[in-house]
1. Tell me which of these VAL276 doesn't satisfy, since it passes every other one: (1) within 20 Å of GLU234 (Cα to Cα); (2) at pLDDT 95 or above; (3) surrounded by fewer than 20 Cβ atoms within 10 Å (Cβ to Cβ); (4) not hydroxyl-bearing (Ser, Thr, Tyr).
2. Within the stretch 74-92, take every residue that is among the hydrophobic types (A, V, I, L, M, F, W, C) and not in a helix (DSSP H, G or I) and give me the one that is surrounded by the most Cβ atoms within 10 Å (Cβ to Cβ).
3. Of ASP109, ASP119, which residue is out of contact with any Cys (no Cβ under 6 Å at 6 or more places or on another chain), among the charged types (D, E, K, R) and in a helix (DSSP H, G or I)?
4. Among the strands (runs of 3 or more DSSP E) contained in the stretch 248-328, which hold 3 or more residues that are touching a Lys or Arg at 6+ places or on another chain (Cβ under 8 Å)?
5. Exactly one condition in (1) under 18 Å from PRO261 (Cβ atoms); (2) buried (at least 20 other Cβ atoms within 10 Å of the Cβ); (3) not charged (D, E, K, R) is not met by MET319; state its number.
6. Under the condition of being part of a helix (DSSP H, G or I) and touching a helix residue (DSSP H, G or I) at 6+ places or on another chain (Cβ under 8 Å), which residue from the stretch 353-369 is farthest from ASN263 (Cα to Cα)?
7. Kindly provide the set of residues from the stretch 56-90 that are among the acidic types (Asp, Glu) and in contact with a His (Cβ under 9 Å, 6 or more places away or on another chain), ordered by number.
Amino acid sequence: MKKILLTSLVLAAAFLGYHQAISMDTTMEKPMEDMVENSRSVVFAGGCFWCTESDFEKLDGVIEAVSGYTGGHVDKPTYKQVSSGGTGHIEAVKIVYDPSKISYRQLLDHFWRHVDPTDAGGQFVDRGDQYRSAIFYANDEERQIAEASKQDLAASGPFERPIVTDILPLGTFYEAEQYHQDYYKKNPLRYKWYRSGSGRDRFLENAWSGEKMKSEKKMAAAPMEVQNQKMGYEIPGDDELRKKLTAMQYRVVREDGTEPPFNNEYWDNHAAGIYVDVVSGEPLFSSTHKFDSGTGWPSFTQPLQSENIVEKKDMSWLMVRTEVRSKHADSHLGHVFEDGPKPTGLRYCINSASLRFVPAEALEEEGYSDYRHLFQ
């Protein structure tokens with residue numbers, strides 16, 4: 001049983017009984033069937049698998065998340081065995097996803113923002129090796145991407161302590177008992193009590209809000225040439241930018257201009273590849289999410305890298321719209337509207353002038369190999 005630290009008798013009753021109040025099922029080992037063509041799966045451990053499952057199933061592009069156990073030496077373990085320790089297994093979640101909608105690197109970025117990667121003894125109130133954080137790789141490419149992601153977090157993340165999350169080869173994944181699956185849906189009240197009392201959300205909010213404040217304070221105090229180098233993206237100064245860009249590109253990205261419809265570079269581009277910021281090169285959109293909106297501007301149902309997109313309220317032209325800008329270069333990109341097709345219902349209406357297209361066959365050559373799988 002998980003050892004929950006409580007501060008009130010009411011929560012104590014809920015917490016001490018939250019895993020035993022339901023009848024036990026038999027653990028089953030079985031391969032998960034593909035739910036869409038060319039779907040993939042990845043296994044992450046982030047402490048209590050109820051929380052990890054909940055965090056990932058809400059992510060666009062994730063088809064399903066399944067709670068289970070992996071990494072140990074006991075065949076077909078039960079929850080009682082794993083939670084007691086000694087089996088070598090870790091509570092983990094198998095995430096089935098559509099690689100045309102979300103990349104492995106994006107899943108890693110989401111994972112880091114939902115765990116304490118500096119805690120080697122468990123996660124939040126759940127203590128023991130069986131609750132530690134881990135990334136399980138299925139092949140060498142995943143291992144390399146995961147290790148690079150971990151290094152990036154150590155270099156630029158909010159944590160002063162070392163990143164200790166394990167990166168391990170994936171072995172047999174055993175599905176947990178049925179009552180653990182979709183627990184946050186089946187038992188929302190108990191789940192909310194557990195999650196609130198665990199301290200997970202408070203820790204994450206404090207960690208990442210502190211990083212934002214630290215970054216903003218540091219950037220505000222830095223000279224302009226230092227501010228122009230954010231997150232490893234080289235941002236040219238204004239004089240250099242005027243020389244590098246066309247008059248239209250400069251007017252769009254720096255003066256919030258809008259190019260004419262049907263008379264721009266990418267509105268009818270149907271080639272496979274990704275679209276990056278014309279100033280910084282940060283990845284923004286993918287041809288896999290592009291559609292013909294009939295407006296005469298490039299339109300996408302979602303960003304390729306949501307972390308690189310900033311949305312702001314735009315009150316110009318006597319209307320309220322949502323402006324879209326790039327995070328690192330602060331380039332004006334366009335606007336997002338709620339009249340797009342499924343699955344998102346969104347239409348990111350973007351100026352070609354703010355983008356540079358990188359063809360699928362040139363991704364590795366130009367340093368965007370993380371996105372090759374989208375076009376294989």
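The values are calculated or read from the model by the stated rules, or taken from the named source; none is laboratory data. Remember, it's a predicted structure, so these values are computed and weren't measured experimentally. Virtual Cβ from ideal backbone geometry, glycine too; neighbours counted across all protein chains shown.
1. (3)
2. My answer is ALA92.
3. ASP109
4. Ranges flagged: 273-277, 309-314, 321-326.
5. Condition not satisfied by MET319: (2).
6. Out of the qualifying residues, it is ALA360.
7. none
Residue-by-condition table, conditions (1) within 25 Å of GLU234 (Cβ to Cβ); (2) touching a residue at least 24 places away in the same chain (Cβ under 8 Å); (3) more than 23 Å from the chain's Cα centre (by Cα); (4) not assigned by TED's automatic domain parsing to the domain that holds GLU37:
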site: VAL310; (1), (2), (3), (4): yes, no, no, yes
site: ARG321; (1), (2), (3), (4): no, no, yes, yes
site: VAL324; (1), (2), (3), (4): yes, yes, no, yes
site: HIS328; (1), (2), (3), (4): yes, yes, no, yes
site: LEU333; (1), (2), (3), (4): yes, yes, no, yes
site: PRO343; (1), (2), (3), (4): no, yes, no, yes
site: SER352; (1), (2), (3), (4): yes, yes, yes, yes
